[in-house]
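Accompanying notes for the structure given below.
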Amino acid sequence: MEIEVAVIGAGPVGMAAAAFLHRAGVAVRVFEANPDRVWQSRATTIHPRTLEIFDSLPDERGSLAARMVAEGNPVPATHFAALPNRLSYAGLDTSFPFVLLLPQPDTERLLAGHLAEQGVGIEHGWKLADLTQDEQGVTIVSETGDTRRARYVVGADGAHSATRHALGVAFPGNPASTMGFLADVRLERPPAQPHNWDYQRGSYSALPLPGGIYRVFGHEPGDTGLTPEEAARRQAQIPDEAELRETLKRLADDDLGITEVLWASRTGDTTRHAEQYRTGRVFLAGDAAHVHLPAGGQGLNVGVQDAANLAWKLAAEVHGRAPRRIIDGPQSYDAERRPIAARLAANTLAQAALMVTFTPGGKALRDLMSDLIGRDGDTADELRGWLSGLDVSYAEDGSLAGRRVPNLPLTDGRTLHRALRPDRLTLVAFGSTTVPEAAVRSTRDWHGLAAVLVRPDGYAAEVWVPDEKITNDWMEH
Ligand SMILES: Cc1cc2nc3c(=O)[nH]c(=O)nc-3n(C[C@H](O)[C@H](O)[C@H](O)COP(=O)(O)OP(=O)(O)OC[C@H]3O[C@@H](n4cnc5c(N)ncnc54)[C@H](O)[C@@H]3O)c2cc1C
């Protein structure tokens, strides 16, 4: 069978891209360097918008999101820069008003299971070494010299992306200057507060994962202001149990009663994003396109949103019915997602500054930010909207087109998000009643409209007010 899209990398982003492409009717195959799945805990946080996106992948339990929620630990609030005042998700206009704590291996296992159920193949032990492209397609070459042909390629092969290297796409940004510790552990004495910060000693956090495990992470003052060489040296030295105990004793006067270390790593603030998301027939997504400090649990989430944004556009292109605007126009993958990576970089760098500025001024800044968040006003709304993913928008000039459409109730008893189709735009007409005024906050903005044309990824393509003629010029070539 002809491969229409080859996805390089079976991490969460590659598998999500494959799932969305398959659902849109594309013949897709995934190529993964590792012979087996690798257990690396890494991301633990799944935000509401990511769950909404996974809810569009149906399976026997209802949806992939339903499976994730059944296995994960839903908590009602998230943190920004490990500040004491947290951002509540409880009032958010979504079916998933919480942050889901689910270790990355579980997310990957569920995604892999979903692909297997759908009959999407993953070739393990196939490591991309090079690629070339022409007018008809792309030839991918493995490390062992095996060649395959696909019409398009999605490079989701992580921070050191061979796809990005083969394309020669620049990856500008900053090298790491801080290197903290991070581990998944069992604790006998978890701290009273999840986040603890002292400008003389440093910071430590302990977040509860499913199964009685805690994710502990933090920095000491000596972990900051590093040269790139020092940062690289430290990154290569993974903390063992004895070092974690000593570090926690210095930070908390107690090793928190560690009984088991399941996984340990280092976290740096390297921040880079690709100069180009599309080169001919080849796309970059996830960590292949952007890396940053894992603060606020964003990398996996933003990567999955990359995949969701790309999949329906690429499917339309594969099927020969994509309008120019989504190929290389204002709604193209590159035009919409590259600015998001710039925001991601800014957001995580700001969090890094708040987390590791171990000075009295740093403390004052943290207190100020935490106080602003605690007031639950505009600052909290802004940060909550970004971190949850719900307010991420492709709209220009404050218009509704380009914004996420809430999960509106439909007259047939369904709700909008589950009614969306991966291979077409959905016209939602509100008839004479227009959008019902619901109690939820974001629905207010949609009140008074006559109709909205919704993209497969849940964003408004176009909106109409009453008495305005509904035309379908969005899909014109
Ligand atoms: C310590 C830590 C904590 C984190 N916490 C969070 C969090 O809480 N929330 C969050 O959203 N994000 C978090 N992240 C970030 C998150 O882990 C990444 O953003 C996410 O894994 C990116 O997914 P990906 O699929 O793009 O890349 P990866 O997960 O890196 O997957 C890439 C895949 O490509 C394969 N591959 C590589 N090279 C090749 C090749 N040449 N050929 C074929 N296959 C190849 C790899 O083997 C791998 O399977 C964290 C990261 C770290 C390091």
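The values are calculated or read from the model by the stated rules, or taken from the named source; none is laboratory data. The structure displayed is predicted, hence computed values, not measured ones. As a convention, Cβ positions derive from the backbone with ideal geometry for all residues, glycine included, and neighbour counts pool all protein chains shown. Note: accessible area is taken over every heavy atom of the protein model, side chains too, but ligands, DNA and RNA are not part of it. Shrake-Rupley method; radii C 1.70, N 1.55, O 1.52, S 1.80 Å.
Quick look at the values:
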quantity: Environment charge of P208, counting only residues whose C-beta is closer than 13 Å and scoring Lys/Arg +1, Asp/Glu -1; calculated: +1
quantity: Within the chain, helix-based [θ] at 222 nm, where runs of 4 or more DSSP H residues each add -39,500 (n - 2.57), nearest 500; calculated: -9500 deg cm²/dmol
quantity: Anchor K363: lysines whose Cα lies under 25 Å away (excluding residues fewer than 8 positions away in-chain); calculated: K249
quantity: The chain, accessible surface, carbon-and-sulfur percent (1.4 angstrom probe); calculated: 50
quantity: Protection proxy ranking, peptides 54-63, 276-285, average beta carbon neighbours within 10 Å, highest first; calculated: 276-285, 54-63
quantity: Calculated FRET efficiency for the pair I238/Y199, C-beta based, R₀ 35 Å, to 0.05; calculated: 0.85
quantity: Reachable lysines from K127, criterion Cα separation under 30 angstrom, eight or more residues apart if same chain; calculated: K313
quantity: 5 Å-binned pair-distance histogram of the stretch 177-268 (Cα, whole percent); calculated: 3, 15, 27, 26, 18, 9, 3, 0
quantity: Amide hydrogen neighbours beyond the local backbone of L209, cut-off 5 Å, H modeled; calculated: Y214, R215
quantity: With all protein chains modelled, accessible area of T415 [1.4 Å, Å²]; calculated: 50
quantity: Solvent-accessible surface (1.4 angstrom probe) belonging to E275, in square angstrom, nearest 10; calculated: 110
quantity: Accessible area expressed per residue, the stretch 155-262, with surrounding protein chains retained (probe 1.4 Å, Å²); calculated: 46
quantity: D473-A419 FRET efficiency (beta carbon distance; Förster radius 22 Å; 0.05 resolution); calculated: 0.45
quantity: The chain: C-alpha gyration tensor shape, a/c 1.5 cut-off, then a/b vs b/c; calculated: oblate
quantity: Rounded Å value of the spacing that divides the Cα centres of the stretch 295-331 and the stretch 213-263; calculated: 38
quantity: Gained length - R109 relative to R61, 0.36 nm times residue gap less alpha-carbon distance; calculated: 15.8 nm
quantity: Neighbourhood net charge (14 Å Cβ-Cβ; Lys/Arg +1, Asp/Glu -1) for L167; calculated: -1
quantity: Charge sum, other residues only, whose C-beta stays under 10 Å from V13's C-beta, Lys/Arg counted +1 and Asp/Glu -1; calculated: -3
quantity: Per-pair calculated FRET efficiency, R0 = 25 Å: Q276 and R321 via Cβ, rounded to 0.05; calculated: 0.50
quantity: Relative packing of peptides 233-240, 214-221, 345-352 - highest average C-beta neighbours within 10 Å first; calculated: 214-221, 345-352, 233-240
quantity: Volume per residue that the Cα convex hull of the stretch 72-187 spans, once the total is divided by residue count, Å³; calculated: 237
quantity: The stretch 173-189 versus the stretch 356-427: alpha-carbon centroid distance in Å; calculated: 27
